[in-house]
Amino acid sequence: MRVLLVEDDAALADAIARALRAEAFAVDVADNGEDGGHLGATEIYDVAVLDLGLPKRDGLSVLADWRIGGRTLPVLILTARDGWSDKVLGFKAGADDYLVKPFRVEELVMRLRALVRRAAGHAASVISCGPLAFDAATGQFQIDGLPLKLTAFEWRVLSALMLRKDAVVERLDLLERVYEGDADVDSNSLEVIIGRLRRKVGASLIETVRGLGYRLTAGA
Amino acid sequence: MRVLPKSLSGRLLATAAMTTVVALVLAAFAIGHVLEHFVMNGLDERLDAQIAIVSRAVGADGTLDVSKAIDLPPFDQPGSGWAWEVIGPVSRLRSVSLEGVDLALPRGRGRQFDRDDDGDSRTHERPRRLEGRDAQGRVIHYRFVALSTLRGDAIVLAGGPRAIVDRPLRAAMLPLLASVFLLAGFLALALVVQLRIGLRPLSALRQRVADVRAGRIRHIHVEEPTELLPLVDELNALIDANERALTRARGHVANLAHGLKTPLATLKLDLAQRKGDIDGTLKAQVERMEGQIRHHLGRARAAEAGGAVMRLSLIPRINDLSAALTRIYADRPIEQQLDVDARVEAYCDPQDLDEILGNLLDNAWQHARAMVRIRARIAGRMVDISIDDDGPGLSSDRIVDLNMRRRLDEQATGNGFGIAIVRELAELHGGMLALGRSDLGGLSAVLSLPGRVG
């Protein structure tokens with residue numbers, strides 16, 4: 001899961017990014033509205049965390065532009081403005097959730113996971129595929145009822161496939177959701193991760209669709 | 001000591017009454033004087049006619065010819081008070097009414113018959129006045145003239161009772177006073193009517209200002225009277241300045257919130273990630289700070305509330321808030337029943353109304369199992385908005401506790417804080433909040449705000 005974090009306060013952005021990475025999220029940080037708006041309009045993200053009072057461009061106008069441009073990524077507004085009039089304005093501009101500073105990091109992580117899950121079309125928080133189960137609220141995977149230990153990269157790939165189970169996820173799409181914006185991406189590394197995952201969850205669960213990408217499926 | 005009353009109508013009434021009374025008194029005196037003069041002239045003419053007749057008895061040599069002194073009535077009636085006398089240089093003539101006794105002229109006034117300096121010609125001599133009393137003590141009004149003869153002056157006097165002048169004067173005084181009082185009454189009535197009509201724009205203006213305060217109108221529009229237009233302009237400018245100041249104050253509060261909350265959020269995240277805060281004291285302190293900020297921002301918001309009061313349609317605001325809540329509680333499929341007439345309006349500041357309804361609705365959504373119901377009813381000049389949920393509700397003790405009129409500044413930060421803010425905001429807008437048990441099973445919050453069906 002890749003998160004766009006648009007927050008101008010460097011210390012807070014750093015703390016949030018650290019907390020999210022600890023929960024296996026890939027995080028891109030923009031410290032002003034212009035860069036944040038550009039990233040959100042051009043890159044693929046599972047979810048965006050958007051501050052409202054930003055330098056260069058206000059968060060609300062960034063959000064409104066994304067929606068006008070047809071970007072449907074879920075957006076959580078993270079702001080100190082706690083009035084209901086502000087919340088209404090935020091949701092009207094196209095926000096999916098609203099969190100007021102200061103907040104508990106668990107709350108933020110929980111809400112981001114829920115946003116990503118709902119955006120993928122899952123109403124319930126537990127998604128299963130054969131012996132594999134994913135609790136989208138806690139981020140935990142289980143195989144045959146036992147906890148599955150994964151590295152951050154493995155978790156990102158498997159959660160992306162799990163959220164789109166039974167559908168083909170393109171290679172490029174998968175790469176975008178796994179690596180942070182400034183990471184050196186070795187095109188072979190995805191195959192390495194897929195190989196390791198197949199050993200952990202069973203080879204039959206992850207299909208390679210030649211020329212397109214991968215599909216997680218419990219079989220026809 | 002104040003001379004003028006405090007009220008405008010009092011001042012106008014006092015000054016107008018004072019000048020009217022002075023004018024009426026002056027008029028009464030003037031009319032009385034003219035009347036007296038008129039009646040006195042009548043008496044003078046009568047006496048002068050008698051003097052003219054009697055004067056013929058005075059010969060050029062100072063002798064008096066009795067046969068020429070004719071006694072016309074009432075000069076021939078003794079005791080009537082009417083009398084004449086000619087005091088010649090050598091002899092005297094008297095009217096029959098005197099019965100041979102000299103006129104009782106005022107004593108010690110030897111020069112009273114002296115001529116005027118310019119009165120040396122006999123033909124131009126005009127009779128002059130003299131007041132005296134007769135033998136019976138009655139006041140007598142005399143006219144006299146001094147006629148030059150070869151042997152010296154002959155004085156011709158004629159007198160009549162003063163009472164015949166006073167009688168018609170006394171008789172005229174009653175209708176005169178009555179008409180003066182009647183006039184005063186009419187003037188007073190005109191004054192009251194004038195004050196009523198003249199001051200009506202002031203009470204109309206007061207009503208407009210009250211309308212602005214209550215949010216029924218935003219500015220004051222008055223086309224007349226022209227004297228009030230500058231005041232109305234100033235009032236409108238004041239209203240605008242007030243709104244601007246309020247917007248600025250809200251901006252400052254929002255800036256303060258942003259300024260404090262972001263570093264606090266960082267601190268909170270840092271504490272959660274680092275191992276330094278072993279016994280949790282730092283976390284507790286941060287949460288205390290957070291509570292304080294929330295509390296004081298709530299206070300600030302309540303203190304500045306009620307600024308830009310306007311007429312607000314309920315439905316669009318409830319719909320906006322519901323749309324927000326649907327996303328906030330996206331994982332909880334809650335059915336919202338909306339039973340609100342689209343024309344129902346409340347008088348409130350838009351941000352305050354959002355805050356009031358937002359807190360109540362959020363509370364309902366948070367605790368509801370499956371349903372939230374919103375109803376609005378007009379009750380007189382108020383609109384009662386009830387927000388019910390089918391959640392577990394609160395214990396009777398807790399409801400009583402929350403319904404107790406505790407002020408925000410006495411309220412601990414914590415659970416009932418949202419309710420306290422809602423209550424304070426509602427009361428600032430002339431409304432109230434009552435909590436109770438809902439027939440749906442959960443909490444029922446009934447909010448009353450000034451409102452109407454638009």
- Message: Given the condition modelled with pLDDT of 90 or more, away from chain B (no Cβ under 12 Å), farther than 17 Å from A:ILE44 by Cα and assigned to a loop (DSSP other than H, G, I, E, B), answer yes or no: does some residue in the range A:153-163 qualify?
- Response: no
- Do we have any residue at all in the range A:48-61 that's within 14 Å of chain B (Cβ to nearest Cβ), among the β-branched types (Val, Ile, Thr) and touching a Lys or Arg at 6+ places or on another chain (Cβ under 7 Å)? no
- Out of all the residues in the range A:3-17, which are at the interface with another protein chain (Cβ under 10 Å from one of its Cβ atoms) and among the β-branched types (Val, Ile, Thr)? A:ILE16
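A quick yes/no check of all residues on (1) assigned to a helix (DSSP H, G or I); (2) over 24 Å from B:THR262 (Cβ atoms); (3) more than 9 Å from chain B (Cβ to nearest Cβ):
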| residue | (1), (2), (3) |
| --- | --- |
| A:SER85 | yes, no, no |
| A:ALA95 | no, no, no |
| A:PHE103 | no, no, no |
| A:GLU107 | yes, no, yes |
| A:MET110 | yes, no, yes |
| A:HIS122 | no, yes, yes |
- Message: For a quick check of your reading of the model, give me the residue pairs whose first member lies in the range B:187-199 and is touching a residue at least 60 places away in the same chain (Cβ under 8 Å), whose second is part of a helix (DSSP H, G or I) and exposed (fewer than 14 other Cβ atoms within 10 Å of the Cβ), with beta-carbon atoms closer than 9 Å and at least 6 apart or on different chains.
- Response: B:LEU187/B:ALA23; B:LEU195/B:LEU8; B:LEU199/B:LEU8
- Scan the range B:356-398 for residues that are more than 45 Å from the chain's Cα centre (by Cα) and in a strand (DSSP E or B) and jot them down. B:MET371, B:VAL372, B:ARG373, B:ILE374, B:ILE387, B:ASP388, B:ASP389
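Based on what the data block shows, is B:GLU36 surrounded by 14 or more Cβ atoms within 10 Å (Cβ to Cβ) and touching an Asp or Glu at 6+ places or on another chain (Cβ under 8 Å)?
On the way: surrounded by 14 or more Cβ atoms within 10 Å (Cβ to Cβ): yes; touching an Asp or Glu at 6+ places or on another chain (Cβ under 8 Å): no.
For B:GLU36, the condition - surrounded by 14 or more Cβ atoms within 10 Å (Cβ to Cβ) and touching an Asp or Glu at 6+ places or on another chain (Cβ under 8 Å) - is not met.
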- Message: Being within 20 Å of B:ILE164 (Cα to Cα) and part of a loop (DSSP other than H, G, I, E, B) is the filter here; which residues of the range B:56-86 pass it?
- Response: B:ASP71, B:LEU72, B:PRO73, B:PRO74, B:PHE75, B:ASP76, B:GLN77, B:PRO78, B:GLY79, B:SER80, B:GLY81, B:TRP82
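Among B:LEU282, B:LEU271, which is the only one that is in a helix (DSSP H, G or I), at pLDDT 80 or above and within 12 Å of chain A (Cβ to nearest Cβ)?
Details: B:LEU282 fails: within 12 Å of chain A (Cβ to nearest Cβ).
Unique residue meeting the criteria: B:LEU271.
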- What's the number of the condition B:HIS221 fails, among (1) in contact with a helix residue (DSSP H, G or I) (Cβ under 9 Å, 6 or more places away or on another chain); (2) crowded, with 16+ Cβ neighbours inside 10 Å? (2)
- Query: Of the residues that make up the range A:160-172, is at least one closer than 23 Å to A:VAL29 by Cα and exposed (fewer than 15 other Cβ atoms within 10 Å of the Cβ)?
  - Reply: yes
- So B:SER322 fits all but one of (1) out of contact with any Asp or Glu (no Cβ under 8 Å at 6 or more places or on another chain); (2) outside the structural domain of B:VAL422 (by TED's automatic domain parsing); (3) among the small types (Gly, Ala, Ser); what number is the exception? (2)
- Per the filter on the range A:79-109, residues at pLDDT 90 or above and surrounded by fewer than 17 Cβ atoms within 10 Å (Cβ to Cβ) are A:LYS92, A:GLU107
- Which condition number does B:ALA308 fail, the rest of (1) out of contact with any Leu (no Cβ under 6 Å at 6 or more places or on another chain); (2) buried (at least 20 other Cβ atoms within 10 Å of the Cβ) being met? (2)
- Message: Looking only at the range B:335-356, how many residues end up being more than 14 Å from chain A (Cβ to nearest Cβ) and under 19 Å from B:ASP388 (Cβ atoms)?
- Response: 9
- Message: I'd like to know if the range B:147-155 contains one or more residues that are of a type in the set (A, V, I, L, M, F, W, C) and assigned to a loop (DSSP other than H, G, I, E, B).
- Response: yes
- What is the number of the single condition among (1) assigned to a helix (DSSP H, G or I); (2) under 30 Å from B:ALA376 (Cα atoms); (3) more than 10 Å from chain A (Cβ to nearest Cβ); (4) charged (D, E, K, R) that B:ASP240 does not meet? (2)
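Output the residue which, of all residues in the range B:224-237 that are surrounded by fewer than 12 Cβ atoms within 10 Å (Cβ to Cβ) and not small (Gly, Ala, Ser), is nearest to B:LEU312 (Cα to Cα). So that I can check it myself, show each step before the final result.
Step one: of the range B:224-237, the residues surrounded by fewer than 12 Cβ atoms within 10 Å (Cβ to Cβ) are B:224, B:226-227, B:230, B:234, B:237.
In the following step, the residues that additionally are not small (Gly, Ala, Ser) were identified as B:224, B:226-227, B:230, B:234.
Working: B:GLU224: 30, B:THR226: 33, B:GLU227: 34, B:PRO230: 30, B:GLU234: 27 Å.
Going through the qualifying residues, I end up with B:GLU234.
The values are calculated or read from the model by the stated rules, or taken from the named source; none is laboratory data. All figures in this text were calculated on a predicted structure; none of them were measured in a lab. Positions of Cβ are backbone-derived with ideal geometry, glycine not excepted, and every protein chain shown enters the neighbour counts.
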